Structure formats: C-alpha cells, structure tokens
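Have a look at the structure below, then the notes.
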Amino acid sequence: QVQLVESGGGLVQPGGSLRLSCAASRISFSIAAMRWYRQAPGKQRELVAGITMGGTTNYADSVKGRFTISRDNAKNTVDLQMNSLKSEDTANYYCFAKVFSNDYWGQGTQVTVSS
C-alpha cells in the first residue's frame, strides 16, 4: 500500500532551522499534490504548505517567508525547510498526498521549538 514516511523532526531552539522530509512509495508521485500539515496539542490540524504536481506552492500566512516546500519527483520526496522557528511552530507535522480523489497521510514527525 501507499507509504508516506516523514523524517527530520526534533528539538530546536527558537530562531533555529529544521528540514523535514517525506519519502513516498507505491504512489504516482509525479502527479500527486503534496502538502505538509501540523497539529499542536489541543488544536485542529492545519495546512502548513502545499506544492502541486507542476511545482506551484502555497503557504499558511503564519509561515510565509520562513518555510519553503520543495519536491523531487526523481526521488519521490517532498521536503519542508523551516527557518526562524518559533515556539508556536511546535507541533506534530504530517505529510499528505492527494492523487485524484485519493488522500494519503504519513504518521507524523514531532517538531519542538524550545529553549
């Protein structure tokens, strides 16, 4: 079955950087719309960033200018470069793929921003 495996989470100080990566398998990756969501304790899951099959990107207002989403269709990966991290970025980050009407989720990777 389709697998989305996230990596790169961890503990970082405010102002620091992390790079998340999502490796996809058993999926038509080149035609998939890929997104990163996050969910903080007690809050709803929210869209962080997305990238279409054509490379068009979109971002939540809260991360614009700090986060960058990118994809590598040859490697079936989508990355999220996170700079200038803030405590409010602390959450579990999930990789998401949409292929036609099918939605797929990864298990998530924890990002904690704390001094």
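The values are calculated or read from the model by the stated rules, or taken from the named source; none is laboratory data. Not measured: the values here are computed from a predicted model. Glycine also receives a Cβ, built like all others from the backbone with ideal geometry; neighbour counts cover every protein chain displayed. Accessible surface areas use protein heavy atoms only, side chains included; no ligands, DNA or RNA. Shrake-Rupley method; radii C 1.70, N 1.55, O 1.52, S 1.80 Å.
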Residues being under 24 Å from Ala91 (Cβ atoms), open to solvent by 10 Å² or more (accessible area, probe 1.4 Å), in contact (Cβ under 8 Å) with a residue 40 or more places away in the chain and of a type in the set (A, V, I, L, M, F, W, C): count how many of those fall in the stretch 28-58.
2
Only one residue in Ser84, Ser21 is out of contact with any strand residue (DSSP E or B) (no Cβ under 6 Å at 6 or more places or on another chain) and either among the polar types (S, T, N, Q) or more than 17 Å from Glu6 (Cα to Cα) (or both), so which one is that?
Ser84
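When you go through Asp72, Asp103 one by one, which is the residue that is open to solvent by 60 Å² or more (accessible area, probe 1.4 Å) and either modelled with pLDDT of 95 or more or within 20 Å of Val2 (Cβ to Cβ) (or both)?
On the way: Asp72 fails: open to solvent by 60 Å² or more (accessible area, probe 1.4 Å).
Result: Asp103 is the single residue among Asp72, Asp103 that is open to solvent by 60 Å² or more (accessible area, probe 1.4 Å) and either modelled with pLDDT of 95 or more or within 20 Å of Val2 (Cβ to Cβ) (or both).
Looking at the stretch 78-95, which of its residues are in a strand (DSSP E or B) and open to solvent by 10 Å² or more (accessible area, probe 1.4 Å)? Talk me through it step by step, then tell me what you get.
First, the residues of the stretch 78-95 that are in a strand (DSSP E or B): 78-82, 91-95.
Passing the criteria: Asp79, Gln81, Asn92, Tyr94.
Name the residue that is farthest from Trp36 (Cα to Cα), counting only residues in the stretch 106-115 that are out of contact with any Lys or Arg (no Cβ under 7 Å at 6 or more places or on another chain) and open to solvent by less than 40 Å² (accessible area, probe 1.4 Å). Step through it out loud before you land on a result.
Within the stretch 106-115, the first condition is being out of contact with any Lys or Arg (no Cβ under 7 Å at 6 or more places or on another chain), and the residues that meet it are 106-112, 114-115.
From what's left, open to solvent by less than 40 Å² (accessible area, probe 1.4 Å): 106, 108-109, 111.
Details: Gly106: 10, Gly108: 10, Thr109: 11, Val111: 13 Å.
Among those that are out of contact with any Lys or Arg (no Cβ under 7 Å at 6 or more places or on another chain) and open to solvent by less than 40 Å² (accessible area, probe 1.4 Å), it is Val111.
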